Amino acid sequence: MSLMKEPPPGVTVDGDQASQNLTLWTVHMEGVPGTLYEGEKFVLQFKFTNKYPFDSPEVTFIGNNIPVHPHVYSNGHICLSILTDDWSPALSVQSVCLSIVSMLSSCKEKKRPPDNSFYVKTCNKNPKKTKWWYHDDSV
């Protein structure tokens, strides 16, 4: 509810879809002015299990415009620690969106992760099943 009532700037949730299916949400996100992603529009998909909030949602970029970013794979998977290892039940969809907006906004160069081609060919469809290696906080 907090995301619908007080969304971060440039973030909106498809309220009709969320009210019909509480386990699958679509979130629209706009690139922040003054960043590499200014004017771009992205779509995030949140999938919730019956263990939420004790288990993190599965969050991926979907659609035709997947951000080109060192922590975003071309299949929409996001390498972000709060989506797996650093998840806490105290986190919310709103805080996940803020983290993704911040990650995109701090990017200095649009490029894919170095292992993008291999990862996309070999990964599980669920990014939460990936054993991520969090080694770069600079982007």
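The values are calculated or read from the model by the stated rules, or taken from the named source; none is laboratory data. If you're wondering where the values come from, they're calculated on a predicted model, not measured in any experiment. Every residue, glycine among them, receives a Cβ derived from its backbone with ideal geometry; neighbour counts consider all protein chains shown. In case anyone asks, the SASA skips ligands and DNA or RNA and just uses the protein heavy atoms, side chains included. Shrake-Rupley method; radii C 1.70, N 1.55, O 1.52, S 1.80 Å.
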>> Can you pull out every residue in region 14-27 that is touching a Phe, Trp or Tyr at 6+ places or on another chain (Cβ under 6 Å) and closer than 22 Å to residue 37 by Cβ?
In response: 25
>> Can you tell me which of (1) in contact with a His (Cβ under 8 Å, 6 or more places away or on another chain); (2) buried (at least 17 other Cβ atoms within 10 Å of the Cβ) is the one residue 110 doesn't meet?
In response: (2)
> Mind checking which residues of region 23-45 are under 17 Å from residue 74 (Cβ atoms) and not hydrophobic (A, V, I, L, M, F, W, C)?
Replying inline: 37, 40, 45
> Just a yes or no: is a residue in region 15-38 touching a His at 6+ places or on another chain (Cβ under 8 Å) and surrounded by 15 or more Cβ atoms within 10 Å (Cβ to Cβ)?
Replying inline: no
> If you go through region 76-84 one residue at a time, do you hit one that is open to solvent by 50 Å² or more (accessible area, probe 1.4 Å) and free of Cβ contacts under 8 Å to residues at least 60 places away in the same chain?
Replying inline: no
> Does residue 125 meet the test of being under 23 Å from residue 28 (Cα atoms), at pLDDT 95 or above and basic (Lys, Arg)?
Replying inline: no
> Name the pairs whose Cβ atoms lie under 7 Å apart, with the first residue in region 85-109 and touching a residue at least 12 places away in the same chain (Cβ under 8 Å) and over 17 Å from residue 2 (Cα atoms), the second open to solvent by 40 Å² or more (accessible area, probe 1.4 Å) and of a type in the set (Asp, Glu), and 6 or more positions between them or separate chains?
Replying inline: none
> Among 110, 121, 131, which is the only one that is at negative phi, part of a helix (DSSP H, G or I) and basic (Lys, Arg)?
Replying inline: 121
> Out of (1) under 13 Å from the mean Cα position of the chain (by Cα); (2) open to solvent by less than 30 Å² (accessible area, probe 1.4 Å); (3) more than 16 Å from residue 40 (Cβ to Cβ), what's the single condition that is false for residue 104?
Replying inline: (3)
> Is it fair to say residue 118 is without any contact (Cβ under 8 Å) to a residue 60 or more places away in the chain, of a type in the set (A, V, I, L, M, F, W, C) and closer than 23 Å to residue 7 by Cα?
Replying inline: no
